[in-house]
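Peer 1: Sharing a structure with you now.
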Amino acid sequence: MTYINNKYKLISKLGSGAFGSIYKGENIRTKEHVAIKIEPLDANLKLLKNESTIYNYLKKFNFNGIPHLKWYGLDTTNYYMVISLLGDSINSHIQHNGKMVLDIVFTIGIKMLDIIKFIHEKGLIHRDIKPDNFLFGLNTDGTINTEKIYLIDFGFCKTYKTIEGEHVDEKPLTKIIGTPNYISLNIHNLQQPSRRDDVESIIYIMIYMLFGSLDWESYSIERIIEMKENIPNNSKIPDIIKKYLLYIRSLKYDEEPIYDYNIFIT
């Protein structure tokens, strides 16, 4: 049995990726179930350190759409972060249950936009918006609560404001940031991400939820860009989504988005 900080024990592995692993764990004193994220020290990434700093900063605002940071630390081999245990991701839900009806997509879309609006109001951009990073909540009995949505994985998150409160200047990227299927056209074009790009990624998640897949999955980057550019001409995508996407794409780098896409209904 592996124990973390003499307080948490690992129960089962929930997932892993290029930057570390995440486990279901338990507080051995309170019996509360938690999520424990682990990043090897020798990876020299410090993404978990950045993520825990973001969680700690956001915790004081007591916003429901962000997991609660319970502990962060390290030993001789790993960084560790303990947060609230949540339910399935939107991606897992779609993989197991299939596409969603339009009303549900809009309901969840509004909640995602509310969360990203909160993040942006606190001077941050997420920079890795994808369906794996939006999770449903859990009821007290451990069942999934699809009424509650949370945003996780703040490893790439950063401020978009200077110390003086001004928007940071735009600088070209040397490589894309985020997941190709969900990044904005701006990021494909190696433009620095800003608030508009987080929102554009949410729109792609909504399209994914509506159809259970994306037309451009498994294609080359060039083909992904081409198909994203063609979304306004795609007759199967609802007009409200296309209108909102066109609006978001029209924004300047430092412009604040309108987060309520309901205004685009005609």
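Peer 1: Can you confirm whether K171 is of a type in the set (K, R), in the same structural domain as N97 (by TED's automatic domain parsing) and free of Cβ contacts under 8 Å to residues at least 60 places away in the same chain?
Peer 2: yes
Peer 1: Which condition number in (1) free of Cβ contacts under 8 Å to residues at least 40 places away in the same chain; (2) not in a strand (DSSP E or B) is the one that Y72 fails?
Peer 2: (2)
Peer 1: Sort out which residues of region 78-109 are part of a loop (DSSP other than H, G, I, E, B) and either in contact (Cβ under 8 Å) with a residue 60 or more places away in the chain or over 17 Å from the mean Cα position of the chain (by Cα) (or both), and write them in order of number.
Peer 2: L85, L86, G98, K99, M100, V101 - these are the residues of region 78-109 that are part of a loop (DSSP other than H, G, I, E, B) and either in contact (Cβ under 8 Å) with a residue 60 or more places away in the chain or over 17 Å from the mean Cα position of the chain (by Cα) (or both).
Peer 1: Write out, first by first residue and then by second, each pair whose Cβ atoms fall under 6 Å of each other, whose residues are 6+ apart or on separate chains, and whose first residue, in region 32-56, is among the charged types (D, E, K, R) while the second is surrounded by 16 or more Cβ atoms within 10 Å (Cβ to Cβ).
Peer 2: K37/I22; K37/M81; E39/G20; E39/L48; E39/Y79; E51/F154; E51/G155
Peer 1: Check L214, L210, L190 and return the single one that is surrounded by fewer than 16 Cβ atoms within 10 Å (Cβ to Cβ) and at pLDDT 95 or above.
Peer 2: None of the others qualify; the one that does is L190.
Conditions (1) surrounded by fewer than 14 Cβ atoms within 10 Å (Cβ to Cβ); (2) more than 21 Å from D198 (Cβ to Cβ); (3) not assigned by TED's automatic domain parsing to the domain that holds L210, marked per residue:
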site: N27; (1), (2), (3): no, yes, yes
site: P40; (1), (2), (3): no, yes, yes
site: P67; (1), (2), (3): no, no, yes
site: D75; (1), (2), (3): yes, yes, yes
site: N78; (1), (2), (3): no, yes, yes
site: N97; (1), (2), (3): yes, yes, no
site: G109; (1), (2), (3): no, no, no
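Peer 1: Looking at K13, K9 in this structure, which one is touching a Ser or Thr at 6+ places or on another chain (Cβ under 8 Å), without any contact (Cβ under 8 Å) to a residue 24 or more places away in the chain and exposed (fewer than 13 other Cβ atoms within 10 Å of the Cβ)?
Peer 2: None of the other options fit; the residue is K13.
Peer 1: Another question, if that's okay. What are the pairs with Cβ atoms under 9 angstrom where one residue, in region 211-239, is closer than 21 Å to V101 by Cβ and the other, located anywhere, is surrounded by fewer than 15 Cβ atoms within 10 Å (Cβ to Cβ) and β-branched (V, I, T)? Sequence gap at least six, or different chains.
Peer 2: D239/I265; D239/T266
Peer 1: Now for a separate question. Name the one entry in S220, S194 that is among the small types (G, A, S) and over 18 Å from I119 (Cβ atoms).
Peer 2: Just a single option satisfies the conditions, and that option is S220.
Peer 1: Which residues, counting only those in region 116-135, are over 23 Å from L173 (Cα atoms), surrounded by fewer than 20 Cβ atoms within 10 Å (Cβ to Cβ) and not acidic (D, E)?
Peer 2: Once the filter is applied, which keeps residues that are over 23 Å from L173 (Cα atoms), surrounded by fewer than 20 Cβ atoms within 10 Å (Cβ to Cβ) and not acidic (D, E), region 116-135 yields K117, F118, K122.
Peer 1: Would you confirm, using the coordinates I've provided, whether E166 is closer than 20 Å to S92 by Cβ and surrounded by fewer than 15 Cβ atoms within 10 Å (Cβ to Cβ)?
Peer 2: In short, no.
Peer 1: Follow-up. From the list S213, S250, exactly one residue is farther than 15 Å from M112 by Cβ, in the same structural domain as I119 (by TED's automatic domain parsing) and within 18 Å of the chain's Cα centre (by Cα). Which is it?
Peer 2: Just a single option satisfies the conditions, and that option is S213.
The values are calculated or read from the model by the stated rules, or taken from the named source; none is laboratory data. Worth saying up front: this structure is predicted, and the values here are computed from it rather than measured. Cβ coordinates were reconstructed from backbone atoms using ideal geometry, including for glycine residues, and neighbour counts include every protein chain displayed.
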